[in-house]
Amino acid sequence: IRCWSNIPFITVPLSRAHGKSFAHRSELKHAKRIVVKLGSAVVTRGDECGLALGRLASIVEQVSMLQNQGREMMIVTSGAVAFGKQRLRHEILLSQSVRQALHSGQSQLKDMAIPVLEARACAAAGQSGLMALYEAMFTQYSICAAQILVTNLDFHDEQKRRNLNGTLHELLRMNIVPIINTNDAVVPPPEPNSDLQGVNVISVKDNDSLAARLAVEMKTDLLIVLSDVEGLFDSPPGSDDAKLIDIFYPGDQQSVTFGTKSRVGMGGMEAKVKAALWALQGGTSVVIANGTHPKISGHVITDIVEGKKVGTFFSEVKPAGPTVEQQAEMARAGGRTLAALQPEQRAEVIYRLADLLTDQREEILLANKKDLDEAENKGRLALPLLKRLSLSTSKLNSLAIGLRQIAASSQDSVGRVIRRTRIAKDLELEQVTVPIGVLLVIFESRPDCLPQVSALAIASGNGLLLKGGKEAAHSNQILHHLTQEALSIHGVRDAVQLVNTREEVEDLCRLDKLIDLIIPRGSSQLVRNIQKAAKGIPVMGHSEGICHVYVDTDASVEKVTRIIRDSKCEYPAACNALETLLIHRDVLRTPLFDQIIDMLRVEQVKIHAGPKFASYLTFSPSEVKSLRTEYGDLECCIEVVDGVQEAVEHIHKYGSSHTDVIITENEKTAEFFLQHVDSACVFWNASTRFSDGYRFGLGAEVGISTSRIHARGPVGIEGLLTTKWLMRGNNHVVSDFSEHGSMKYLHESLPLPQTNAS
């Protein structure tokens, strides 16, 4: 028998065989039976007198939501003492004020002293009110709640334990939420707690053990312990080096420093950990989290059940590799070492990677075939995504050529002086290029992205964290292995990390202290999700690639069909493929228009008619549902405009600021289009498909940005650099430049070093 607090625990629970807890957070969404333990710091107000009604209402709402999803919810709660304390203080004040008003007059009211309230009396006065409050709140969600009060003595008696178990099972069977609490009105008084300014409050440390015991007895899938701290830390919370422990494993107790107890209650974190480990041993998964933080308390329970990274998750399964946080730290350290290398050394790494792509071609294609076979067997990928997933000898050769371009152009990227200023005599200022830091690149179904992005990160001296889609797992694994092999020639293997753990993208987007820039490569939905999830981390990219081609009245017959065919049909799944074809109204019912339609039919492009185009036709194709659509396939929209001005207005209204093209022989019209279309890439008589880092001569790209800050269009090495300022002085102080000081500002521009000019 184990004894924590005053409750005895039997090592092997009587009513349950040894179960198996969830190994990963992502599995928590399958939890059917859940216990939510509410610490007194969660339920009570900051003054420890009365309940935190807003938090309590939010918790009830979340529990009700999960209950209505078909789960079986139980609550282990404190709060009776605080609620009773509030009621008794009110009664005492009212009684004293009446007596003193009769004998001493109103002037003496302010001198009334509140006596120290006995905790058990507070519990007796508060239990009925607390339960009434729970009932009223749960009734709003058409859920019935039932109160169960227990004492330490109830766990000494075998029959009482069985009775409790039977009662709880019957309540759950009837879809009732049991609300369990220790019967603090009759328990022995706790030791005085020094951090409560002399106010003796009933101990709630029993509730941690009580919640664990009930969770195991009831074969619960998940125990959520809510307190006023985020979870477990590797050093005292609040200290400079304290880091939240995401996953805690049995045997890790030595790595944890337990701080002080919460502001109310006597359980402390150490008691919570002991109770959590006991529950884990009994087959119940446990999460300890903060239930008081105003920004997260409104969804903390549902977030935990959804598998999000909240609090500390207790697991018996320790992953073989490092955590994603450790990988990010390794990438930062490796990136700093990488940035300190000579440009020639970084170029050597990239040349080596290019060679490996061709030398290890057979192994790469074999791994890629495994991914393709699995995707086809499961039928989970559409044809455009299968094309993106596929690698070939020609793709690998093109990748190698692009990587060599990056290596050749990267000699003067990091540490390049872009401005020099003489501030004053012997005081000079330089602005130099430096890496951004740690990049997180998330990509779907395109393993060729991995060596491209890796080469750009290496050339720019950035640490890199890669998160690929599971559909390309085999391809990504071997490509990452080759990347690290290339990095090893200069001892910077850790600079590029591939995330293989079951991390959700949303959780990665919360690592704002470890990641400096997120670059999504994938569907518009993926990009939008990342932009929404990223908290405090900038996101570079575009959510949609709605690219336009405008055929002007002065367009060349020879150029039109070639450019349209290439823009739409060369690779329809690409983000720089044509999606909307704008036709000058004078081109309608001309041989040129007929040639365009015939070419699209031959290429089996499905046509959707815009509203104005449909109005010109007796029998039109299906009218487009939205003019703001990225098809990503052999489909496009055709719309009619009155001229270049209307074409520009249409692009601004329905486009995505990606790539837009005009086909015309009229130079004046073309220049108007080039200057007025506000997109990242604007072309004249050229295919939209030229919007690409490799075709721009950048070697490769990490993506195409439609942002107006930092980088725009295809982003190569330059887009992965920022700057810092270096000042070299000689005992200079600002006071010397005051009105009566001895020095004057010069602010003279100085020539750049010759290496920059070359």
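Given the criterion crowded, with 20+ Cβ neighbours inside 10 Å and in contact (Cβ under 8 Å) with a residue 12 or more places away in the chain, identify the matching residue among 358, 337, 292.
Details: 358 fails: crowded, with 20+ Cβ neighbours inside 10 Å; 337 fails: crowded, with 20+ Cβ neighbours inside 10 Å.
Result: 292 is the single residue among 358, 337, 292 that is crowded, with 20+ Cβ neighbours inside 10 Å and in contact (Cβ under 8 Å) with a residue 12 or more places away in the chain.
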Item to check | Tabulated pairs, the range 616-634, first within 20 Å of residue 577 (Cβ to Cβ), second polar (S, T, N, Q) and not in a loop (DSSP other than H, G, I, E, B), C-beta under 7 angstrom, 6+ apart or interchain | outcome: 627/580; 630/524
Next on the checklist: Condition check: modelled with pLDDT of 75 or more and open to solvent by 10 Å² or more (accessible area, probe 1.4 Å). Does residue 72 satisfy that?
Outcome noted: yes
Next on the checklist: For the range 119-143, which positions are surrounded by 15 or more Cβ atoms within 10 Å (Cβ to Cβ) and polar (S, T, N, Q)?
Outcome noted: 127
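Show me the strands (runs of 3 or more DSSP E) found entirely inside the range 398-483 where at least 1 residues are of a type in the set (Val, Ile, Thr) and either more than 30 Å from residue 746 (Cβ to Cβ) or open to solvent by 10 Å² or more (accessible area, probe 1.4 Å) (or both).
Strands (runs of 3 or more DSSP E) meeting the threshold: 417-424, 427-435, 438-443.
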Checklist entry - Can we say residue 712 is touching a Leu at 6+ places or on another chain (Cβ under 8 Å) and of a type in the set (D, E, K, R)? => result no
Next on the checklist: I need the full set of residues from the range 730-758 which are hydroxyl-bearing (Ser, Thr, Tyr) and part of a strand (DSSP E or B), in order please.
Outcome noted: 749
Next on the checklist: Every residue in the range 144-160 that is modelled with pLDDT of 85 or more and surrounded by fewer than 19 Cβ atoms within 10 Å (Cβ to Cβ), please.
Outcome noted: 144, 146, 147, 148, 149, 159, 160
Checklist outcome for this item: Among the residues of the range 218-241, the number that are assigned to a loop (DSSP other than H, G, I, E, B), in contact with a Ser or Thr (Cβ under 6 Å, 6 or more places away or on another chain), on the phi < 0 side of the Ramachandran plot and open to solvent by less than 30 Å² (accessible area, probe 1.4 Å) is 3
Next on the checklist: Among the numbered criteria (1) in contact with a Gly (Cβ under 6 Å, 6 or more places away or on another chain); (2) crowded, with 20+ Cβ neighbours inside 10 Å, which one does residue 301 miss?
Outcome noted: (1)
Checklist entry - Out of all the residues in the range 691-721, which are in a helix (DSSP H, G or I) and either touching an Asp or Glu at 6+ places or on another chain (Cβ under 9 Å) or open to solvent by less than 10 Å² (accessible area, probe 1.4 Å) (or both)? => result 719, 720
Checklist entry - Here are some conditions: (1) free of Cβ contacts under 8 Å to residues at least 40 places away in the same chain; (2) under 25 Å from residue 374 (Cβ atoms); (3) touching a helix residue (DSSP H, G or I) at 6+ places or on another chain (Cβ under 8 Å). Residue 497 meets all but one. Which one does it not meet? => result (1)
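Hey, could you check the range 1-51 for residues that are basic (Lys, Arg) and modelled with pLDDT of 50 or more and say which is most open to solvent (accessible area, probe 1.4 Å)?
First, pick out the residues of the range 1-51 that are basic (Lys, Arg): 2, 16, 20, 25, 29, 32-33, 37, 45.
Next cut, modelled with pLDDT of 50 or more only: 20, 25, 29, 32-33, 37, 45.
On the way: 20: 165, 25: 21, 29: 102, 32: 101, 33: 40, 37: 3, 45: 83 Å².
Restricting to residues being basic (Lys, Arg) and modelled with pLDDT of 50 or more, the top hit is 20.
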Next on the checklist: Looking at the range 691-718, I want the residues that are more than 15 Å from residue 521 (Cα to Cα) and have a partner that is at pLDDT below 85 and acidic (Asp, Glu) with Cβ atoms under 8 Å, at least 6 apart or on another chain. Which pairs are those?
Outcome noted: 694/701
Next on the checklist: Which of the numbered conditions does residue 510 fail, given that it passes all the others? Conditions: (1) assigned by the TED database to the domain that holds residue 331; (2) in contact with a Pro (Cβ under 9 Å, 6 or more places away or on another chain).
Outcome noted: (2)
Checklist outcome for this item: When the range 510-529 is checked residue by residue, the ones that are free of Cβ contacts under 8 Å to residues at least 60 places away in the same chain and buried (at least 21 other Cβ atoms within 10 Å of the Cβ) are 527
Checklist outcome for this item: Taking the range 699-731 and keeping only residues that are under 18 Å from residue 442 (Cβ atoms) and within 24 Å of the chain's Cα centre (by Cα), one is left with 701, 702, 703, 704, 705, 706, 707, 711, 715, 719, 720
Checklist entry - If you go through the range 504-513 one residue at a time, do you hit one that is out of contact with any helix residue (DSSP H, G or I) (no Cβ under 9 Å at 6 or more places or on another chain) and among the hydrophobic types (A, V, I, L, M, F, W, C)? => result no
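With 385, 356 as the choices, which residue is under 30 Å from residue 457 (Cα atoms) and modelled with pLDDT of 90 or more? Spell out the reasoning first.
Working: 385 fails: modelled with pLDDT of 90 or more.
The match here is 356.
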Checklist entry - Within the range 311-325, is even one residue among the hydroxyl-bearing types (Ser, Thr, Tyr), open to solvent by 10 Å² or more (accessible area, probe 1.4 Å) and modelled with pLDDT of 90 or more? => result no
Next on the checklist: Among the residues of the range 579-586, are any out of contact with any Ser or Thr (no Cβ under 8 Å at 6 or more places or on another chain) and at pLDDT below 95?
Outcome noted: no
Checklist outcome for this item: Only one of (1) assigned to a strand (DSSP E or B); (2) outside the structural domain of residue 568 (by the TED database) does not apply to residue 662, and that is (2)
Checklist entry - Does at least one position in the range 109-123 carry a residue that is modelled with pLDDT under 75, part of a helix (DSSP H, G or I) and in contact with a helix residue (DSSP H, G or I) (Cβ under 8 Å, 6 or more places away or on another chain)? => result yes
Next on the checklist: Among the residues of the range 722-729, are any assigned to a loop (DSSP other than H, G, I, E, B), over 21 Å from residue 522 (Cα atoms) and out of contact with any strand residue (DSSP E or B) (no Cβ under 9 Å at 6 or more places or on another chain)?
Outcome noted: no
Checklist entry - Within the range 368-379, is even one residue open to solvent by 60 Å² or more (accessible area, probe 1.4 Å) and either among the hydroxyl-bearing types (Ser, Thr, Tyr) or under 29 Å from residue 717 (Cα atoms) (or both)? => result no
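Residue-wise test of (1) in contact (Cβ under 8 Å) with a residue 24 or more places away in the chain; (2) closer than 30 Å to residue 430 by Cβ.
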position: 376; (1), (2): no, no
position: 385; (1), (2): yes, no
position: 389; (1), (2): yes, no
position: 407; (1), (2): yes, yes
Next on the checklist: For a quick check of your reading: which strands (runs of 3 or more DSSP E) sit entirely within the range 530-637 and have at least 3 residues that are open to solvent by 10 Å² or more (accessible area, probe 1.4 Å) and under 23 Å from residue 687 (Cβ atoms)?
Outcome noted: 606-609
Checklist entry - When you look at residue 265, is it part of a loop (DSSP other than H, G, I, E, B), open to solvent by less than 40 Å² (accessible area, probe 1.4 Å) and modelled with pLDDT of 80 or more, yes or no? => result no
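Is there a residue being among the polar types (S, T, N, Q) and closer than 30 Å to residue 45 by Cβ anywhere in the range 305-326?
yes
The values are calculated or read from the model by the stated rules, or taken from the named source; none is laboratory data. Keep in mind that what you see is a predicted model, and the values were worked out from it rather than measured. Cβ sites come from the backbone with ideal geometry, for glycine too, and all protein chains shown count toward neighbours. Accessible surface areas use protein heavy atoms only, side chains included; no ligands, DNA or RNA. Shrake-Rupley method; radii C 1.70, N 1.55, O 1.52, S 1.80 Å.
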